[in-house]
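Structure, as structure tokens:
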Amino acid sequence: MIRRTLILAAAASLLATGAFAAKAGAIDISGAWSRPAPAGGNGVGYVVLANGGKADRLVSASTPVAGRVEIHESMVMGGKAMMHPRPRGIDLPAGKTVALKPESYHLMLIGLKKPLKVGETVAVTLKFEKAGSVTVPFDVRAGGPAPTAMSHH
Ligand SMILES: [Cu+2]
């Protein structure tokens, strides 16, 4: 009885934090999620990258469900929410964890070929300079802080 309770608790905590974790070299990839978005619009992607190895870089990403994926950074400048493309990607310092999250770094899925619906997963391939490529399922869910003036954030 106690054991079953523990297993259920473990399963529940996995669900709460994102059940999927992947690895590319020494980089632990977890908590990948996206938001619902209509076909023809832009989607977002958030994920936590914990680099247990040498300095690396997230250089690009791609997905079959969008025309292309850009790496962006959101910031507030002069009271306005802005976002900037990061064409060189995101540095992943040795031993550090970098989170792509609302109001910060994010993936932008440009030109969705189909709607992203809550409960589905989107396969996104992340490409690292040294660790190579890995395809990660992003859970589509509502939530997080309310979108900013940039409606897709
Ligand atoms: Cu963006």
TODO: Provide a single number: the residues in the stretch 78-129 that are open to solvent by less than 10 Å² (accessible area, probe 1.4 Å) and not in a strand (DSSP E or B).
DONE: 1
Task: Selected residue [touching an Asp or Glu at 6+ places or on another chain (Cβ under 8 Å) and among the acidic types (Asp, Glu)] from Glu103, Glu70, Glu129 - done: Glu129
Open item on the list: Among the residues of the stretch 53-68, are any surrounded by fewer than 21 Cβ atoms within 10 Å (Cβ to Cβ) and within 14 Å of the ligand (Cβ to nearest atom)?
Closed with: yes
- [ ] Search the stretch 12-35 for residues being among the hydroxyl-bearing types (Ser, Thr, Tyr) and either touching a strand residue (DSSP E or B) at 6+ places or on another chain (Cβ under 7 Å) or open to solvent by 70 Å² or more (accessible area, probe 1.4 Å) (or both), and hand back the single one that is modelled with the lowest pLDDT.
- [x] Thr17
TODO: Please name all residue pairs, on different chains or six or more residues apart, with Cβ atoms under 6 Å, provided the first residue is in the stretch 44-64 and is under 15 Å from Arg86 (Cβ atoms) and the second residue is open to solvent by 50 Å² or more (accessible area, probe 1.4 Å) and in a strand (DSSP E or B).
DONE: Arg57/Asp91; Val59/Lys127; Ser60/Lys127
Task: Options Val118, Val124; residue that is away from the ligand (no atom under 13 Å from the Cβ), within 28 Å of Lys54 (Cβ to Cβ) and of a type in the set (A, V, I, L, M, F, W, C) - done: Val124
TODO: Only residues that are under 15 Å from the mean Cα position of the chain (by Cα) and at positive phi: list them for the stretch 96-148, please.
DONE: Glu103, Gly143, Gly144
Task: Residue check for Pro38: open to solvent by 30 Å² or more (accessible area, probe 1.4 Å) and in contact with a Pro (Cβ under 8 Å, 6 or more places away or on another chain) - done: yes
Open item on the list: Looking at Ala142, Ala94, Ala50, Ala131 in this structure, which one is away from the ligand (no atom under 16 Å from the Cβ) and closer than 18 Å to Ala37 by Cα?
Closed with: Ala142
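The values are calculated or read from the model by the stated rules, or taken from the named source; none is laboratory data. In this text the structure is predicted, and so the values were computed from the model without any measurement. So basically every Cβ, Gly included, is an ideal-geometry build from the backbone, and we count neighbours across all protein chains shown. Keep in mind that these areas ignore ligands, DNA and RNA; they rest on the heavy atoms of the full protein, side chains included. Shrake-Rupley method; radii C 1.70, N 1.55, O 1.52, S 1.80 Å.
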